[in-house]
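The values are calculated or read from the model by the stated rules, or taken from the named source; none is laboratory data. Nothing here was measured: the structure is a model prediction, and the numbers come from that model. FYI the Cβ positions are ideal-geometry reconstructions off the backbone, even for glycines, and counts take in every protein chain you see. Areas reflect the complete protein model, heavy atoms only, side chains present, ligands, DNA and RNA absent. Shrake-Rupley method; radii C 1.70, N 1.55, O 1.52, S 1.80 Å.
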Protein chains: 4
Amino acid sequence: MAVSTGERVRRAAVKLFATKGFHGTGIRDLAQAAKLSSASLYHYMGTKEELLAGIMRDCLRRLLDDATDAVDGVADPVERIRRLVTLHVTAHARQPNETRVVDDHIDVLSPRLRREVVQLRDAYERLWSDTIEAGRKEGVFDTGQPAVTRIAVLDMCNGVARWYSPRGALTLRQVADHHVELTLRALGVHTPARCGLANS
Amino acid sequence: MAVSTGERVRRAAVKLFATKGFHGTGIRDLAQAAKLSSASLYHYMGTKEELLAGIMRDCLRRLLDDATDAVDGVADPVERIRRLVTLHVTAHARQPNETRVVDDHIDVLSPRLRREVVQLRDAYERLWSDTIEAGRKEGVFDTGQPAVTRIAVLDMCNGVARWYSPRGALTLRQVADHHVELTLRALGVHTPARCGLANS
Amino acid sequence: MAVSTGERVRRAAVKLFATKGFHGTGIRDLAQAAKLSSASLYHYMGTKEELLAGIMRDCLRRLLDDATDAVDGVADPVERIRRLVTLHVTAHARQPNETRVVDDHIDVLSPRLRREVVQLRDAYERLWSDTIEAGRKEGVFDTGQPAVTRIAVLDMCNGVARWYSPRGALTLRQVADHHVELTLRALGVHTPARCGLANS
Amino acid sequence: MAVSTGERVRRAAVKLFATKGFHGTGIRDLAQAAKLSSASLYHYMGTKEELLAGIMRDCLRRLLDDATDAVDGVADPVERIRRLVTLHVTAHARQPNETRVVDDHIDVLSPRLRREVVQLRDAYERLWSDTIEAGRKEGVFDTGQPAVTRIAVLDMCNGVARWYSPRGALTLRQVADHHVELTLRALGVHTPARCGLANS
DNA sequence: GATGAATGAGCATTCATTCAT
DNA sequence: AATGAATGAATGCTCATTCAT
């Protein structure tokens, strides 16, 4: 199935921004990767910065929507966190470039464009903090520094985008499960099969 | 106590590279921050890239040396990992800019300059993997994916450089201890005071 | 008749390189002479050095082609040398800048770009040495050092580019004829009207 | 025997100006070649341009003095030209760098510094034109364009600096003699041993 | 006599962007 | 929809030169 030119531009941008960084990517690099002249590029984007902001916005919106759906109606904090981690890790493994662009470029945006992106990111992180807080209140999570733990867990899961390969030794399922496990341990959840005993 | 001009250049570079990125930092930004003309800058550095590589090399060398000292003669894997985490977190909290430069810019370096930096980083990470492996062999660590866990723990600890403030709610001691705790949990170490019970 | 912008750039370069030298000509000088911004210049050239190499290559190629045509089918060494000198002097008188650029800048080129230029120059000079050699074999040229004589004659003819003016006392015809005469004398050809007697 | 620092500077400059050109030679190149810091260089020279002018001036002065001595008291135009050519070729073969600097850099000098150099050069060339004129008046030289011939002969002899090597096939004596021969032929002098007959 | 430090001006080249076609 | 042409501003870096030590 053919891909529209605008989509080709966006994909080129995602790949280049992720690997070379926003400032390390020139408009000519983008044009070449999108097989367009640099002038034509401007039919499909505003400025280079708006292109970046658009990518970040869409990626975060999708993540937020998916996460909202995933935990919708789920009350159990353990199950909620399980789903959040799985979704987060899956997204980072499947779209490593998009997620790396999102995770690494917030400071690059000028205030005007940053606002919306930050709002989306905060809304997304609130899903996590709310869940962690709920688990603490219910006594199923045991962590002295919930905010720090949340950041730590997210950083840990973000890292997947930098090393996971579908051709690697681990399946995506295994990686996701492992991070669920790590997260539950970080949150002090007593996973019975594991209390101090066998290797997985 | 006076600071040498060369040191001033390096400090300016550390701050700017950390906050704006290598490609986002111009030679004129550096000059202004170091209170020098851009021409004078070149008395104290080679190229901009060599300046970056020098910063990364020194920071990693210090970290590697300190870590080597810290675990020297310590046999117990739990104690070793405790020290590694404490040192790592402390470095990231005290020199957030240096460590962010190191953590974010390896891909920026050209092959020639990257080599040495990668060697240092690998030597440092080997301290971690060796320790984790030893703990697994002794049966005190319980993790199905030691390599993934190592990366996860390092990413988690690296994050400290992005949010810790000496003027924040937590002392450096508390942050370090918390990350030791998180790490031990990730490694499946049964910390008695915590097996499923009280908040810290 | 209008001149294309690319041609304007090339002409400006020829004039400036000839009069101020390659290193003495800045990109801004070129831009000003070509009535373009220095950035626009780069739509019409690669690097400054490639511009130079292109000029040299084209000039030499034309000279080589013209000389090849001029002596094509001509067997008599005296007539051949007559034509080579006439063509060479004419080219140096009519395009003094191009030829000066060619004659003065071979050492400026980096190896990559020098190769082709040197090949063309050598092919051109081979026309001369082959002709001189043939004349010697036939006994019509009398010179003890044919290689040195060839260089001497070429240097002598090259000089025309530095002083000839269409508004000067001598016509191009006269200058060419005079150099033919000088060359034949250098080659020891006995021009009857002249064996030691009258002024021309 | 030791060479003074000032002399070392001058020699470095001669070599570099000759091979890379004035504009192609940086002050740092000079300093490196003279084994001095670039600041120290300025103890031994004025500006870079004055260094160039000094070299040209001295070289021309020596040439002029030597040539004046060489023809002093010699009346016969043939003998005079013989001596001028021998001296000129010898100088160009023995000091190829100095003479190339002189021959190639007159246009580089600013008016102030150019004046004296041009005067010396003109005085030197007057020795040649006076001699040629005298020969013509006496009927021993036969050339229709004495001025053009003078330039041609000088260009021809200058070329020696670009190819002569003491390790080459020809001795300096042979090269000088050959150029004397070429010059006499150009001036239409009937050298008996040669009138149309054997190879040398 | 020698140099490290310093710099304003300049270098060739690339930047992101616009616009007429 | 697409691009060649164009540019002001900026890029990293080097220039020749000065001066305090």
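Nearest chain A C-beta to the A/D rotation axis, reported as residue and distance in angstrom, is A:Gly26, 15.
Which of the peptides A:55-68, B:24-37 is most tightly packed, and how do the rest follow, going by the mean number of other Cβ atoms within 10 Å of each residue? Write down the numbers at each step before the final one.
Details: A:55-68: 18.1, B:24-37: 16.0.
Result, highest mean Cβ count within 10 Å first: A:55-68, B:24-37.
B:Tyr42 sits with roughly 120 Å² accessible to a 1.4 Å probe, with DNA, RNA and ligands left out of the calculation.
Kirkwood radius, the protein assembly as shown, all distinct C-alpha pairs, inverse of mean reciprocal distance: 33.6 Å.
Taking amide H positions as modeled 1.01 Å from N, with prolines and chain starts lacking one, no residue 5 or more places away or on another chain lies under 5 Å from D:Leu187. When the accessible areas of B alone and A alone are added and the area of the pair subtracted, with a 1.4 Å probe, the result is around 2800 Å², both sides summed.
Checking the cross-link pairs B:Lys35/D:Lys35; C:Lys48/D:Lys48; C:Lys20/D:Lys48; A:Lys20/B:Lys35; A:Lys35/C:Lys35 against a 27 Å limit on the alpha carbon distance flags B:Lys35/D:Lys35; A:Lys20/B:Lys35; A:Lys35/C:Lys35 as lying beyond it. Against the empirical curve 2.2 N^0.38 Å, the C-alpha radius of gyration of region A:1-45 lands at a ratio of 1.06.
Taking every DSSP helix (H) stretch of at least 4 residues in chain D, weighting each as -39,500 (n - 2.57) and dividing the sum by the residue count yields a mean residue ellipticity at 222 nm of -22000 deg cm²/dmol.
With viscosity 0.692 mPa s and temperature 37 °C, the Kirkwood radius over alpha carbon pairs of region A:70-200 converts through Stokes-Einstein to a diffusion coefficient of 208 µm²/s. Per-residue shielding of B:135-144, expressed as the average number of other chain Cβ atoms within 10 Å of the residue Cβ, stands at 3.
Here the accessible area is traced with a 1.4 Å probe on the protein chains. For the protein assembly as shown, carbon and sulfur cover 49 percent of it. Scoring B:5-11, D:173-179 by mean Cβ neighbours within 10 Å over their residues and listing the highest first yields D:173-179, B:5-11. Summary value for chain B: 23 percent relative contact order, contacts being C-alpha pairs under 8 angstrom separated by 6+ residues. Per-residue mean of foreign Cβ neighbours for B:155-164 is 5 (Cβ atoms of other chains, 10 Å radius). Compared with the dominant principal axis of the Cα atoms in chain D, helix D:48-71 is inclined by about 30°.
3J(HN,Hα) along region B:99-105: 5, 5, 4, 4, 5, 9, 10 Hz, from the Karplus curve 6.51 cos²θ - 1.76 cosθ + 1.60 with θ = phi - 60°, whole Hz, x for Gly and Pro.
Label point of D:Gly139 (7 Å along Cα→beta-carbon): distances to the other copies' equivalent points are 3.3, 12.7, 13.8 nm, sorted ascending. For D:Lys137, the aspartates and glutamates whose Cα comes closer than 20 Å to its Cα, not counting residues fewer than 8 places off in the same chain, are D:Asp72, D:Asp76, D:Glu79, D:Glu125.
Could you state the number of Å between the C-alpha centres of region B:1-68 and region C:106-137? Taking the Cα centre of each part, region C:106-137 and region B:1-68 sit 51 Å apart. Listed values for region D:155-160 are Karplus-derived 3J(HN,Hα) couplings in whole Hz (6.51 cos²θ - 1.76 cosθ + 1.60, θ = phi - 60°), namely 4, 4, 6, 4, x, 3, and x replaces Gly and Pro. Neighbouring Cβ atoms from other chains, within 10 Å of the Cβ of residues in A:42-50, number 0 on average. In order along region B:174-190, the Karplus-derived 3J(HN,Hα) couplings, from 6.51 cos²θ - 1.76 cosθ + 1.60 at θ = phi - 60°, round to 5, 4, 4, 4, 4, 6, 4, 4, 4, 5, 5, 5, 4, 8, x, 7, 7 Hz, and Gly and Pro are given as x.
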